[in-house]
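Data block below; observations after.
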Amino acid sequence: MRKFYVLLILLTASSLASAKTISTESLVNIVSTNTLDNCKINGFNILNARPDFAKTINGNLNKFGSLNISNFDASDCLTSRNVSKDVLTSHFYQKNKKTVGHSLQMFSALNLKSGASLIAIIDNNNQSYILGGVDPQMKAALQESFGDNDYFQKVNFDSRKEFGDIASANKGPQIDTNSPNSNESLLKQAKINLAKRGVKDLIKTDTSFDLSLEDGEGNKRKSLMMVSLDKKNPIPLLRANLISNTNILSSVIKYKLKNPYSYKPREILATQQGDELEIIIKYTATNSYGAEVVGIDGRKFYLKASGEFNSTPNF
């Protein structure tokens, strides 16, 4: 019993714990005897205690926009329910942090013998992102651990979505696009709703202004934003909505790069054409040879009846 408490103290001491201090068998024993009523162990404690486990999870997470475990700030208690044969499961989530506008939920399974891992991520739009091979044993362990979790119930293990598919957190109101003249109706409704809201900070004509975007190191970098509206049917743009969508796109571009830390946004072109808004960002980043190269990437955003644009198409 005394040995058990010594291991528990080491485990919860975060940075004091090491792979040499606590064996896999001891970790499993501690998790198996932990209870929700007197919880002392969560997913972070395990990864702090075993850097080799953290390396495995981070290696898998890196495939998803270069994320790592530090992008998550909360984890559930681990109990016997999280141990299934040779598999340890954990639930991490973003409580006060966000990734491209989303508060992500992450469910991980780690095979303690083979060192393989399976990660399922759910975004605010209930889209699934699966990292690692869908091993039947690890999948079954996740289902046993989190079968009654509302977020986990939305996981689609057949999903092939990648980080570049992640959409804006807010879908916004939809309209019936199968009705006659639906496009004209949407444009008209959006203009009416914008007028009703009485928003003052609207972009009503072609313009340009400086916009600060984060570079790959998290520093604010001044970029030139150029806005072009539809000549025949211009829709006033909510400045805050335009900036939000640009930040989302910039984050997606950054995390898609092989070296996201080298990302430097330079110029932005936002073009409104009917019910679509295309935002294109010109940037520089270093390639695999260390040379700085110019890149261009963009995304379309779609008008909603509220007058805002987001990345969910109007099907």
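Rolling a 1.4 angstrom probe over the range 115-159 with all protein chains present gives an accessible area of which 41% lies on carbon and sulfur atoms.
The modelled label-to-label distance for the pair E276/K191, using points 7 Å beyond Cα in the direction of Cβ, is 2.1 nm. In the range 20-94, the portion of solvent-accessible area held by carbon and sulfur atoms comes to 46 percent [1.4 Å probe, whole percent, DNA, RNA and ligands not counted].
An ellipsoid equivalent to the chain, defined through the eigenvalues of its Cα gyration tensor, has semi-axes of 44, 22, 16 Å when rounded to whole angstrom and sorted largest first.
Stretched out straight at 0.36 nm per residue, the stretch from A291 to M226 would grow longer than its current Cα-Cα span by 20.6 nm. Here the Karplus curve 6.51 cos²θ - 1.76 cosθ + 1.60, taken at θ = phi - 60°, turns the phi angles of the range 77-82 into couplings of 5, 9, 9, 4, 5, 8 Hz, with x standing for Gly and Pro.
Each Cα pair under 8 Å and six or more residues apart adds its separation to the average, and for the chain the resulting relative contact order is 12 percent. Restriction of the GluC sites (Glu not before Pro) in the range 194-271 to DSSP coil positions whose beta-carbon has at most 12 other beta-carbons within 10 angstrom yields E217. Phi angles across the range 70-76 convert, under the Karplus curve 6.51 cos²θ - 1.76 cosθ + 1.60 with θ = phi - 60°, into 3J(HN,Hα) values of 5, 6, 10, 10, 8, 8, 7 Hz, Gly and Pro given as x. Close amide H contacts of F301 (hydrogens built in the peptide plane, cut-off under 5 Å, sequence separation of 5 or more or a different chain): L277, E278, I279. Extension gain, D37-N125: 0.36 nm per intervening residue step, less the Cα-Cα distance, totals 28.4 nm. Greater than 18 Å separation of Cα atoms is the criterion. Which listed pairs, K55/K95; K222/K254; K98/K139; K256/K304; K95/K222, meet it? The answer is K55/K95; K98/K139; K256/K304; K95/K222. Computed in the context of the full set of protein chains, the accessible area of the range 187-315 at 1.4 Å probe radius has 50% of its extent on carbon or sulfur. The trypsin sites (Lys or Arg not before Pro) found in the range 231-315 that occupy coil by DSSP, while having at most 11 further C-beta atoms within 10 Å, are K231, K232, K258.
Each residue of the range 87-97 is assigned a 3J(HN,Hα), and the resulting list reads 10, 10, 10, 8, 10, 10, 7, 9, 8, 10, 10 Hz, derived from the Karplus form 6.51 cos²θ - 1.76 cosθ + 1.60 (θ = phi - 60°), x at Gly and Pro. If you take the Cα centroid of the range 19-77 and the Cα centroid of the range 199-277, the two points sit 38 Å apart.
When the helices of the chain are scored as -39500 (n - 2.57) per DSSP H run of n ≥ 4 and the total is divided over every residue, the value at 222 nm lands at -8000 deg cm²/dmol. Taking 0.36 nm per residue of sequence separation and removing the Cα-Cα distance, the S23/N183 pair yields an extension gain of 51.3 nm.
Surface analysis of the range 69-129 yields an accessible area of 35 Å² per residue, using protein heavy atoms and a 1.4 Å probe. Rolling a 1.4 Å probe across the protein heavy atoms gives the range 185-315 an accessible surface of 52 Å² per residue.
Taking every protein chain into account, the 1.4 Å probe leaves V83 with about 40 Å² of accessible area, to the nearest ten.
The values are calculated or read from the model by the stated rules, or taken from the named source; none is laboratory data. Worth saying up front: this structure is predicted, and the values here are computed from it rather than measured. Cβ atoms come from the backbone with ideal geometry, glycine included; neighbour counts cover every protein chain shown. To get the accessible areas, we keep the full protein, side chains included, count just its heavy atoms, and leave off ligands, DNA and RNA. Shrake-Rupley method; radii C 1.70, N 1.55, O 1.52, S 1.80 Å.
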